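Comments concern the structure below.
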Amino acid sequence: ALTNVLHALADFCVKHNILTEQHIKDMHKANSHGAGFAFRKEMGKGSWEVAKGFMTIEEILILWEEIKEFDEIIGHFRLATHGSITAFNCHPFAIADTLDESVNMNPKGGLKALFFHNGILHEFGSKSVSDSADFCVKVVSKVPEHAVRSVLKSVTGKFAYIGTDGRV
C-alpha cells in the first residue's frame, strides 16, 4: 500500500540524510490525521526534543524548516483507525503511567522514553483515544525498560521506541 511505501521511503531517506520537503508533503497527504516528531541536533548526543499535534501541512512545514538539518529525526504521520482526529492522539507518546501524562508529554519524573506506532492494535483504543496511546499506557509503561523492545517485537505493527539511553 502507499502508506507502507512512504514509510519505507522515509526510513531510507532519514538514514541517508535525503528526506525532502516533498517527502514530508507526500507523507502528510497519505496520512493526514496529525503529525509529531522527535529530533536531536547531533547523532547520539543530547536529549530528544518533541513537537507534536500538527494538524495541517503548513504547521508541519514551519517545524520542518527548523529541524531539517538535524542529524536525527523521527516523524509520524497519523492515519486514524481508533480515536478521534485531534492533536491529542498524535504521536509520539511519553512512557508514563496515565493517559494524560503520556499524550501531553509530562510524565512524573520528567520525559524519559518515547513511543511511536504504525499499525492497528485492535484490542486497544476507544472512540476518543487512539489505540497507540492506549497501548503505550496499558502495556509499554508497565514493562521494565530492558524488556520493552522484546515485547514490541511480538506485537503487530511497526514501532519506534526511544529509551532512556536515547537509543532508538
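Any read-out appearing in this document is the output of simple, stated calculations on the displayed coordinates, not a laboratory observation. What you see is a predicted model, and the numbers here were worked out from it, not measured in a lab. Counting neighbours? That spans all protein chains shown, and the Cβs are built from the backbone with ideal geometry, glycine included.
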Quick calc, the range 35-74, dipole around Cα centre from Cβ unit charges on Lys, Arg (+) and Asp, Glu (-), nearest 20 debye, gives 180 debye
Per residue, the convex hull enclosing the Cα atoms of the chain spans a volume in Å³ of 108 Å³
With DSSP loop assignment and no more than 13 other C-beta atoms within 10 Å, the trypsin sites (Lys or Arg not before Pro) in the range 98-159 are Lys108, Lys127
Counting every C-alpha pair in the range 30-93, the percent lying more than 14 Å apart is 54 percent
Given the candidates Gln22, Ile57, Ala38, the one whose Cα lies deepest towards the positive end of the charge dipole of the chain, counting +1 at each Lys or Arg C-beta and -1 at each Asp or Glu C-beta, is Ala38
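Hey, what number do you get for the chain at 222 nm if only DSSP H runs of n ≥ 4 count, each worth -39500 (n - 2.57), divided across all residues, to the nearest 500? The partial results should precede the final answer.
Values: 6 runs with 57 residues, N = 168.
Computed ellipticity for the chain at 222 nm equals -10000 deg cm²/dmol.
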If the chain between His146 and Ile120 were fully extended at 0.36 nm per residue, the gain over the current Cα-Cα distance would be 6.9 nm
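So how much slack lies between Met55 and Glu69, counting 0.36 nm per residue of separation and subtracting their Cα-Cα distance, in nm? Walk me through the numbers before you get to the answer.
Working: separation 14, 0.36 × 14 = 5.04 nm, distance 2.24 nm.
That works out to 2.8 nm of additional length.
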With +1 on the Cβ of every Lys and Arg and -1 on the Cβ of every Asp and Glu, the dipole magnitude of the chain about its Cα centre, in debye rounded to the nearest 20, is 420 debye
